[in-house]
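The block underneath contains the structure these notes are about, expressed in structure tokens.
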Amino acid sequence: MLVGMRIFRTYARVYAADLDAVLTSLGTVTGEPVTTRFTMPNGLELAAIGQVLVVAGDERTLEPYKATSATLIVDDLDECQTRLDRAGAELVRGPQAVPTGRNLTARLPGGVQIEYVEWDEAQWERAGGRPA
């Protein structure tokens with residue numbers, strides 16, 4: 001029997017030129033705090049607020065990422081990749097190390113593109129602990 005892959009969180013992704021402006025606006029609207037914020041080596045800034053992942057940078061740097069519609073935090077990235085391969089998904093990026101652990105991006109049959117991330121223990125601590 002195939003047991004389901006555990007998805008801990010799902011983030012809608014939004015893209016912006018000014019991270020601080022978007023975070024201020026979303027914080028005012030939702031009342032949620034920023035739970036994660038970091039800069040990628042390519043200069044992109046990312047921050048999570050509530051269930052929204054804001055990806056900010058200049059238009060040229062953002063362009064390769066804009067086709068990705070969601071970020072899923074999973075329990076096992078290797079198992080996730082096996083399942084994606086079985087489903088006929090196309091690997092777009094990764095797997096690779098990122099500031100929060102490891103990720104990969106895949107395009108599913110039908111055209112949906114999703115980022116999958118396995119958080120490391122340090123990120124789980126920053127996020128308030130791994131769910132039981």
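The values are calculated or read from the model by the stated rules, or taken from the named source; none is laboratory data. Every value quoted in this text rests on a predicted model; they were computed, and no experiment measured them. Heads up, the Cβs are rebuilt from the backbone with ideal geometry, glycines too, and the neighbour counts pull from every protein chain shown.
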ARG83 being out of contact with any Asp or Glu (no Cβ under 8 Å at 6 or more places or on another chain), over 15 Å from TYR11 (Cβ atoms) and outside any loop (DSSP other than H, G, I, E, B): yes
Cβ pairs under 7 Å, 6+ apart or interchain, first in segment 94-110 and closer than 18 Å to ILE7 by Cα, second in a loop (DSSP other than H, G, I, E, B) and not hydrophobic (A, V, I, L, M, F, W, C), ordered by first then second residue, are THR100/ASP120; GLY101/ASP120
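Being surrounded by 14 or more Cβ atoms within 10 Å (Cβ to Cβ) and either under 10 Å from VAL52 (Cα atoms) or at pLDDT below 95 (or both) is the filter here, so list the residues in segment 10-19 that pass it. Talk me through it step by step, then tell me what you get.
To start, the set of residues in segment 10-19 that are surrounded by 14 or more Cβ atoms within 10 Å (Cβ to Cβ) comprises 11, 13, 15-16, 19.
TYR11, ARG13, listed by residue number.
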Within segment 89-101, residues being within 15 Å of MET40 (Cα to Cα), touching a strand residue (DSSP E or B) at 6+ places or on another chain (Cβ under 6 Å) and either polar (S, T, N, Q) or buried (at least 18 other Cβ atoms within 10 Å of the Cβ) (or both) number 1
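Would you check which residues across segment 20-51 are closer than 22 Å to ARG107 by Cβ and surrounded by 15 or more Cβ atoms within 10 Å (Cβ to Cβ) and list them? First the steps, then the outcome.
Of all residues in segment 20-51, those closer than 22 Å to ARG107 by Cβ come to 40, 42, 44, 46.
Hits for segment 20-51 are LEU44, LEU46.
Residues are listed down the side, and each one gets a yes or a no for (1) at pLDDT 95 or above; (2) in contact with a Lys or Arg (Cβ under 9 Å, 6 or more places away or on another chain); (3) of a type in the set (A, V, I, L, M):
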site: VAL22; (1), (2), (3): yes, no, yes
site: SER25; (1), (2), (3): yes, no, no
site: MET40; (1), (2), (3): no, no, yes
site: VAL52; (1), (2), (3): yes, yes, yes
site: THR71; (1), (2), (3): yes, yes, no
site: LEU84; (1), (2), (3): yes, no, yes
site: GLU90; (1), (2), (3): yes, yes, no
site: PRO95; (1), (2), (3): yes, yes, no
site: PRO99; (1), (2), (3): no, no, no
I'm trying to understand the selection: among the residues of segment 19-55, which are more than 12 Å from the chain's Cα centre (by Cα), assigned to a loop (DSSP other than H, G, I, E, B) and under 19 Å from SER69 (Cα atoms)? MET40, LEU44, GLY50
